[in-house]
Amino acid sequence: MDSFKAHLNKFITVNEEEYISILSFFDTLKVKKKQNLMQDGEICRHMYFVVEGCLRKFFINEKGVEHTTQFAIENWWITDTFAYERQLQTDFNIQAVEPSVILTIDSKSQELLFEKHPVMEKYFRIIYQRAYAASERKIRYLYEYSREELYVHFSTLYPWFIQRIPQYLVASFLGFTPEYLSEIKAKLRS
């Protein structure tokens with residue numbers, strides 16, 4: 001869990017004693033590939049921090065097609081923020097893309113964490129600001145770029161995703177069918 005401490009110290013300063021106390025508010029889970037952490041219709045009770053591995057958030061539309069809206073790799077958070085903050089039913093699923101080790105915290109534990117370690121409120125504020133900014137960028141790219149440009153931009157910005165994540169999931173995230181992604185890749189190779 002030293003990676004979590006290093007991650008925290010990028011945004012706030014915590015000593016070893018504080019870190020041990022902060023960590024006590026989290027549970028550690030080991031999850032298998034394709035294991036679900038959250039399913040559509042459940043109350044969203046947890047936030048997840050990826051220590052090792054990769055998670056994805058997705059929904060299934062009325063035609064039964066999966067649409068991936070977010071990935072989380074090492075040192076990234078993932079949840080249905082709207083449902084988590086209000087303790088409502090989610091309409092998303094969160095699933096492990098790879099075998100993963102994650103830290104999880106529920107809203108009650110998070111509030112207790114904030115009371116004991118107020119600096120963690122600053123940390124989560126920064127994390128939420130960055131996540132919001134990333135969402136704004138993704139929305140802009142979806143409007144501004146052609147599908148081919150979107151793939152090129154994504155693969156340039158996040159080359160490790162292209163190597164690490166199954167192509168059908170990359171296609172889902174970009175709003176393509178796997179077949180269309182294959183066509184784009186073939187066109188770029190020629």
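The values are calculated or read from the model by the stated rules, or taken from the named source; none is laboratory data. Keep in mind the model is a prediction, meaning the values are calculated, not measured. Because the Cβ atoms are built from the backbone with ideal geometry, glycine has one as well, and the counts that use them run over all protein chains shown. The area values use the complete protein model at the heavy-atom level, side chains included, leaving out ligands, DNA and RNA. Shrake-Rupley method; radii C 1.70, N 1.55, O 1.52, S 1.80 Å.
Quick notes
- Separation between Cα centres of segment 127-185 and segment 37-95, rounded to whole Å: 18 Å
- As a fraction of the 1.4 Å probe accessible area of the chain, surface on carbon and sulfur atoms comes out at 53 percent.
- Here the chain is scanned for trypsin sites (Lys or Arg not before Pro) in DSSP loops (not H, G, I, E, B) that have at most 10 other Cβ atoms within 10 Å, and the longest stretch holding none of them is 64-190.
- Note on LYS138: lysines with a C-alpha under 20 Å away, same-chain residues under 8 apart excluded, are LYS57.
- Surface accessible to a 1.4 Å probe, per residue, for the residues of the chain, Å²: 58 Å²
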